[in-house]
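The values are calculated or read from the model by the stated rules, or taken from the named source; none is laboratory data. Keep in mind that this is a model prediction, so the values were computed, not measured. Here the Cβ positions follow ideal geometry from the backbone for every residue, glycine too, while neighbour counts run over all protein chains shown.
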């Protein structure tokens, strides 16, 4: 009995073993690869490797496994298998392995290592344009990372899953809801995509609540989602018609058919039956792919991507225009000026008139990067610019959309530290905010000055004023009761601080060329003119004279220029300009000398343009010594004694009043400083 049961089992095993041996796993794997069944091809290649005897073919299989991992974006594993292929000598057969290794290293931000591999490849194939571009893009990526743009990036964790979530589009006029693509398992398709190993993607809907929190995404209704792959969508201006991408496969799901754009009318909370949207009036249209639609804000243009004949590369960006009179769309027009020999996809025509798209052909940071092009005239585009880091990364970045004309919106990326294969990210540019603030102090006491007027005047002559608080503080920040700001970009300002019984103070500030949010701190020290009800002497840089002389030295004129500026900055004050001598010499000669010294200062200021009736020259001789003869005698050295005498020989001023008005009789007007008279 035992023999009877065992014999059939042995026979079955023998038959199975023979069948296994007869299978050509290499051919099966190659066929799967050609049909983009990368997930299944990996296992088939691994089986083929275990059976292969020829070293060159084994090296090729290792390379193909790396290619499969690269195709469905497992760059770490792709790197492992490409390196195995290099070690097995495949680079001597096909040097392209160096190029591909450089690509996956670049995708992992290993830019220096990637440069080495691109250079290895270029030594063998020196004219290869892709390798040259790869090498240059590594250098650019390093520069862009070192100096990022001002965008803040956030992973929208409430939208994303561990599966592919990508290509969002706004589903309402207020931009408070989204429709996006996801391969999460709660969609309509229950089969697995052999390309990715995940469920066929469907379109999902989500909406923000009042607190800005996204609702749990739900699949769109069955009139839109099918067992096939649904892709990127776009809605018209009224958000009543949706255009979306659908890629069908045969009934067994083993063969990919082509992708086309469908449309569906909004009906309440759902969409009506989806119908094919004919973009190209050609009987061969079914043989080509059409996808990634984007509508202009006026519904007059639809941009999309396709591989129809007449393009620059595999997939190009095209557009059609709506003829209102004929109520028909034009035939597809190639978006000249932006397409490359590689894939150019995911167009988005923004309200600011610029065209955003994703490309593998322009210089980028890694995989697919996002770019912006500017209109160069009707139906022409140019000045293509990489959006740089952090909008772009070493991974695939695509599908950007903007909220109106604001510098904020959403895009898709499979960058590191995401939740799944592709994740949806939000972005915005934090506004550059400037403010000027500070404290006003009193010279001498260093006490804060309450009630000082701080006047801010821009380079157009527009002025605003603030009053310092109890702590002497002021701040030109946000205008009270508004969202407007006092300090604007690319603007120069002057600031004046005034208060009764104080001399004014002045400074300048500018935001020209300042590209970061900045708080400019300006503290002021203002000079009191009255203390305890009494006018006080105000010192200024020393006015020096030779012994027993009253003519001004050249350096004394520099000191008087300070006083000149004080009078200009305080146009309503009248001053007493006082001169003093030391105790040497007779009282009468010192009195005359001090009067002449005071007069020489006044005469100089009159020559500079200060009105004569704003100044009173007074000489005090030796009547107001700082150091008496007895004090000076206590100093041990002649140098110290002479320094004390010099302190006595001083010129000061005090404010007599602050209500000056120029006389109509022709008093000299103050004038701008010029050449010495």
Matching residues in the range 606-654 - criterion: being in contact with a helix residue (DSSP H, G or I) (Cβ under 6 Å, 6 or more places away or on another chain), farther than 18 Å from residue 536 by Cβ and not in a loop (DSSP other than H, G, I, E, B): 606, 608, 612, 617, 619, 632, 641, 644
Residue tally, condition under 30 Å from residue 568 (Cα atoms) and touching a residue at least 60 places away in the same chain (Cβ under 8 Å), over the range 606-645: 5
Subset of the range 568-588 (residues that are in contact (Cβ under 8 Å) with a residue 40 or more places away in the chain and under 29 Å from residue 547 (Cβ atoms)): 575, 576, 577, 578, 579, 580, 581, 582, 583, 584
Residue in the range 538-547 that is exposed (fewer than 12 other Cβ atoms within 10 Å of the Cβ), over 44 Å from the mean Cα position of the chain (by Cα), over 18 Å from residue 569 (Cα atoms) and at pLDDT below 95 present: yes
Qualifying helices (runs of 4 or more DSSP H) (wholly inside the range 52-123; at least 3 residues being under 30 Å from residue 390 (Cβ atoms)): 55-71, 75-87, 96-107
Considering residues of the range 488-505 that are exposed (fewer than 15 other Cβ atoms within 10 Å of the Cβ) and touching a residue at least 40 places away in the same chain (Cβ under 8 Å) only, the residue farthest from residue 574 (Cα to Cα): 489
In the range 527-540, the residues that are within 16 Å of residue 598 (Cβ to Cβ) and assigned to a loop (DSSP other than H, G, I, E, B): 537, 539, 540
Residues that are under 24 Å from residue 566 (Cα atoms) and in contact with a helix residue (DSSP H, G or I) (Cβ under 8 Å, 6 or more places away or on another chain), drawn from the range 582-605: 601, 602, 604, 605
Residue 154, sole failed condition from (1) exposed (fewer than 14 other Cβ atoms within 10 Å of the Cβ); (2) more than 20 Å from residue 393 (Cα to Cα); (3) at pLDDT 95 or above: (2)
Residue count, the range 348-380 (criterion: over 19 Å from the mean Cα position of the chain (by Cα), in contact (Cβ under 8 Å) with a residue 12 or more places away in the chain and over 23 Å from residue 130 (Cα atoms)): 8
Members of the range 422-436 that are surrounded by fewer than 20 Cβ atoms within 10 Å (Cβ to Cβ) and either touching a helix residue (DSSP H, G or I) at 6+ places or on another chain (Cβ under 6 Å) or in a loop (DSSP other than H, G, I, E, B) (or both): 430, 431, 432, 433
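Condition check ((1) modelled with pLDDT under 95; (2) more than 16 Å from residue 293 (Cα to Cα)) across all residues:
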| site | (1), (2) |
| --- | --- |
| 321 | no, no |
| 327 | yes, yes |
| 341 | yes, yes |
| 346 | no, no |
| 369 | no, yes |
Checking residue 439 against (1) under 30 Å from residue 504 (Cα atoms); (2) modelled with pLDDT under 95; (3) surrounded by 16 or more Cβ atoms within 10 Å (Cβ to Cβ), the condition it does not meet: (2)
Any hit, the range 444-458, residues being under 29 Å from the mean Cα position of the chain (by Cα) and more than 30 Å from residue 531 (Cα to Cα): yes
Of all residues in the range 548-570 being in a loop (DSSP other than H, G, I, E, B) and buried (at least 16 other Cβ atoms within 10 Å of the Cβ), the one that is modelled with the highest pLDDT: 570
